[in-house]
Every structure is written in structure tokens, then in C-alpha cells.
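Notes to accompany the following structure.
Values in this text are rule-based calculations from the coordinates and carry no lab data. Keep in mind the model is a prediction, meaning the values are calculated, not measured. Positions of Cβ are generated from backbone atoms using ideal geometry, with glycine treated the same way; all protein chains shown enter the neighbour counts.
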Amino acid sequence: MRLFIAIPLPDSTKQALENLKNPIDSIRWQPSHQFHITLKFLGETTEQQLQRLQAQLQSVNQSTFNLTVQGLGTFPKKGKPRVIWAGVEKSTALEQLQQNVEGISVGVGFEKETRSFTPHITLGKVKKAVTQEVELFLSSCSDWGSEEFFVDRFALYASHISSSGARHEVIKSYFLNE
């Protein structure tokens, strides 16, 4: 089972992100129901790891918080872009939640993430060389931002891969303290 841990987005934020999409041939847009903020990608997971992980995630003791989606960018930042993303404004609470999830995951036996945490929402994948149209799209939306939204949970997801792309399924939601 291929798993990851993420913050689901409210419908209003998903809709605002959906409204950004332009019909650009070189971008394969993600469906809005897939939008989320990844806290930890786990990859292939055994049933035993899953059970231990679920028990440990119950122990996260953190208060609810607010987030804002702000600006667009690409990965990698230099060279040929492969992913177009919407950024998330800096948040101490978000970083704390991510560190808690990372610590629990490593404690259960998953590898420690070596890259720094860059909170984002994947909007689309670039299929071929970046065209002027893609660059114009990014520059026209660079100052875009969402309204602030309330984060009261994170979730453990399964990612099902097929020829038509990935489908994400919530296995279990974990609520933060009010």
C-alpha cells in the first residue's frame, strides 16, 4: 500500500485553485479533489507499519491553526520545471505539525526526509519543455493568494496509481485540538 500524510483543503480553497487553471497543452492539471498539503510521503507500507503508524498518529497533540495559500512556483526551482505548485505562507504551527509527523514516521521505521519542508499544493505536472505560454501563466499568477482557511485535521492517505494517474483515498483523519 502506497501512503502519505497530508492536510486536506476546504472546498473553497480547492475551487479558488481550480479557477487558476488555464488550457495549456504542456501542463497536465491535477483534479481539484486531489489537492492537499503533503506533510510526509511514506511510499510502500506494510500492514504492520500501517497499524503502528495509525496508533502513533493518534498521539499528535497540537492546536488547530489557519493557513493561506500564496503564489505559484515550480519544482525544480532552476532548470526545466516538472511540477507547478501553489505555495503556502510560512506558519510555525504547520512546521510543528510536519515535524511531529516526521518524528512519528521515523519512529515507526520510515526513512527520514533529507530535503527541507517546502509546503505546497501540486497543481499540475509539466509534460514537455516549458513554453512561453507556461511562463506567462506563472508570471500572471505569481501574486495570487487564497483567503485564510482553518486547519483542524490531517489525514493518512492511500495513493492508488493507474494509467489514468493517481487516485487518493483518505484512510483515516486525525483531528487537532480546538
Cα long-axis angle, helix 47-57 against the chain (0 to 90 degrees, to the nearest 10): 90 degrees
Region 104-177: C-alpha gyration tensor shape, a/c 1.5 cut-off, then a/b vs b/c: prolate
Listed residue (T64, F41, S12) projecting farthest to the positive dipole end of the chain, Cβ model: F41
Listed peptides 137-143, 149-155, 92-98 by packing density, highest first (mean Cβ within 10 Å): 149-155, 92-98, 137-143
Spatial separation of Cα centroids for region 31-45 and region 137-161, in angstrom: 11 Å
Compactness relative to 2.2 N^0.38 Å, alpha carbon Rg of region 1-122: 1.15
Cα-derived Rg to Rh of region 1-69, Kirkwood definition: 1.07
Dipole magnitude of region 2-175 about its Cα centre (Cβ charges: Lys, Arg +1; Asp, Glu -1), debye to nearest 20: 600 debye
Cα shape, region 70-122, gyration tensor, a/c 1.5 rule: oblate
